[in-house]
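**Q** Please find one structure pasted underneath; my questions will follow.
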Amino acid sequence: MTNDNYTGVTTGTIATACSLAALDVLLDSEDIVCVKVETPKKTLDIIIDDCKKLSNFKAQASAHKNPYNDPDVTVNLEIIATVELIEKSVEESNIIITGGEGVGKITKPGLQIPVGDYAINPVPRRMIVKNLQDKVPEGKVAKVTISIPEGKEIARKTMNPKLGIVGGISVLGTTGIARSMSSDAYKNSMVTQIDVALASGIDDLIFVPGNIGEKLALKKLNVSKENIIQTGNFVGFMFEEAEKRGICNFTYFGHMGKLIKVAGGIFDTKHAVADGRREIMVTHAALCGADKQTLQRLYDSKTTDDMMDILNETNISFEVSNSIASAIHERCLQRFDLDLNVILVDMEGNYLNNNFKR
């Protein structure tokens, strides 16, 4: 297993371990408690929860991902591999990998797996092949079926429905080792949204901070879920990836409390990284002519919604919001080759600025 609380193992590693254990029990009938899995990074010892023969040619093993310091929805989730030895046809690979209950199927282009196939990503597939292929008896094929009984329910908490992966979760991993949500692996999973949209021919993209922004965009704009890209806190990263893919015009839509940070050059909007909301608001209010008493009230406010109430009292809310939207536009032009259409809203979806196109 991994050596610290900040890393765990991927679903791909667990799926590989279960596949290996099931094949081992078929070949020598011994009880399997732990297997060594070779990952792209290193060899890991993975504990197997249960392993049994179902017949002389079929076996099944299960295991789970141990908790680590990350809100990973797949932690403690049971993953099952069923391995069946069948006769080999001419020039056929000696490993066949497919999905079972709780593993999603691909329905949209733009992902690493073709439409119609199970969402078992390339690295987990290669790991299964690498760890099993030398053990498969000559003249036989090991048919590996990965199942995740709770996968369909868990998938609702993931981006899979948005990405067109239906019926379950994905079997993921690029190194075999899982790291916290701030890692490159998590950020790269966010980029998949852009690739799916481009592959589907969608060019009217709406970037939003998260679920609330998506719901408000669907309510206010004439778009579907396929048009919407969530950035999470990684605004700069997602904008950079959009630019790399030739996207230079899109709408940046969301609650003032998130988007205002970008006006101050903050492109990682996680609160623990940087805030600056009141300072940015006070600056733009001052530029728009607010008096000292108003500026002090803004500075003493706890939320941007409270700040907007104060600006409404002084009849400069649109002017200040327009100034902030322009600053977001300018900041992005300075850092990227992006010409953004910025739309700021409150929690009800009411427009706070009016210098946008729609």
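**Q** What number of residues within region 242-264 are under 17 Å from Ser200 (Cβ atoms) and either touching a Phe, Trp or Tyr at 6+ places or on another chain (Cβ under 7 Å) or assigned to a helix (DSSP H, G or I) (or both)?
**A** 2
**Q** Right, next: Identify all residues within region 192-202 that are in contact with a strand residue (DSSP E or B) (Cβ under 9 Å, 6 or more places away or on another chain) and surrounded by fewer than 17 Cβ atoms within 10 Å (Cβ to Cβ); write none if there are none.
**A** Passing the criteria: none in range.
**Q** Of all strands (runs of 3 or more DSSP E) completely enclosed by region 24-65, which ones contain at least 2 residues that are closer than 20 Å to Pro137 by Cα?
**A** Those strands (runs of 3 or more DSSP E) span 34-38, 50-53, 58-64.
**Q** Kindly evaluate Val320 against the criterion of being buried (at least 18 other Cβ atoms within 10 Å of the Cβ), touching a His at 6+ places or on another chain (Cβ under 6 Å), in contact (Cβ under 8 Å) with a residue 12 or more places away in the chain and not in a helix (DSSP H, G or I).
**A** Judged against the criteria, Val320 is not a match.
**Q** If you don't mind, another one. So which pairs qualify, if the first residue must be in region 275-300 and farther than 14 Å from Ile316 by Cα, the second must be basic (Lys, Arg), the Cβ gap must be under 9 Å, and the two must be at least 6 apart or on different chains?
**A** Asp275/Lys261; Gly276/Lys261; Arg277/Lys261; Arg278/Lys302; Ile280/Lys261; Tyr299/Arg278; Asp300/Arg278
**Q** Of the residues Leu163, Leu132, which single one is of a type outside the set (Gly, Ala, Ser) and under 27 Å from Ala242 (Cβ atoms)?
**A** Of the residues listed, the single one that is of a type outside the set (Gly, Ala, Ser) and under 27 Å from Ala242 (Cβ atoms) is Leu163.
**Q** Which condition from (1) touching a helix residue (DSSP H, G or I) at 6+ places or on another chain (Cβ under 6 Å); (2) at pLDDT below 95; (3) crowded, with 17+ Cβ neighbours inside 10 Å is the one that Asn121 breaks?
**A** If we test Asn121 against (1) touching a helix residue (DSSP H, G or I) at 6+ places or on another chain (Cβ under 6 Å); (2) at pLDDT below 95; (3) crowded, with 17+ Cβ neighbours inside 10 Å, just (1) comes out false.
**Q** Going by the conditions given, is Ile113 surrounded by fewer than 20 Cβ atoms within 10 Å (Cβ to Cβ) and without any contact (Cβ under 8 Å) to a residue 12 or more places away in the chain?
**A** Taking the combined requirement at face value, the residue satisfies it.
**Q** While we're here: Among the residues in region 232-248, are any at pLDDT below 95 and within 16 Å of Ser326 (Cα to Cα)?
**A** no
**Q** Does region 290-311 contain any residue that is closer than 25 Å to Phe237 by Cα, more than 28 Å from the chain's Cα centre (by Cα) and in a helix (DSSP H, G or I)?
**A** no
**Q** Let me ask something else. Could you tell me whether region 49-59 includes any residue that is in contact (Cβ under 8 Å) with a residue 40 or more places away in the chain and of a type in the set (Phe, Trp, Tyr)?
**A** Looking for residues that are in contact (Cβ under 8 Å) with a residue 40 or more places away in the chain and of a type in the set (Phe, Trp, Tyr), one finds none in region 49-59, hence no.
**Q** Would you check if there is a residue in region 225-242 being crowded, with 17+ Cβ neighbours inside 10 Å, in contact with a strand residue (DSSP E or B) (Cβ under 6 Å, 6 or more places away or on another chain) and within 19 Å of Asn355 (Cβ to Cβ)?
**A** There is no residue in region 225-242 that is crowded, with 17+ Cβ neighbours inside 10 Å, in contact with a strand residue (DSSP E or B) (Cβ under 6 Å, 6 or more places away or on another chain) and within 19 Å of Asn355 (Cβ to Cβ).
**Q** Would a scan of region 163-170 turn up a residue that is at pLDDT below 90, of a type in the set (Val, Ile, Thr) and not assigned by TED's automatic domain parsing to the domain that holds Gly210?
**A** So far as region 163-170 goes, no, none of its residues is at pLDDT below 90, of a type in the set (Val, Ile, Thr) and not assigned by TED's automatic domain parsing to the domain that holds Gly210.
The values are calculated or read from the model by the stated rules, or taken from the named source; none is laboratory data. Small disclaimer: the values here were computed from a predicted structure and weren't measured. Cβ: placed from backbone, ideal geometry, glycine included. Neighbour counts: every protein chain shown.
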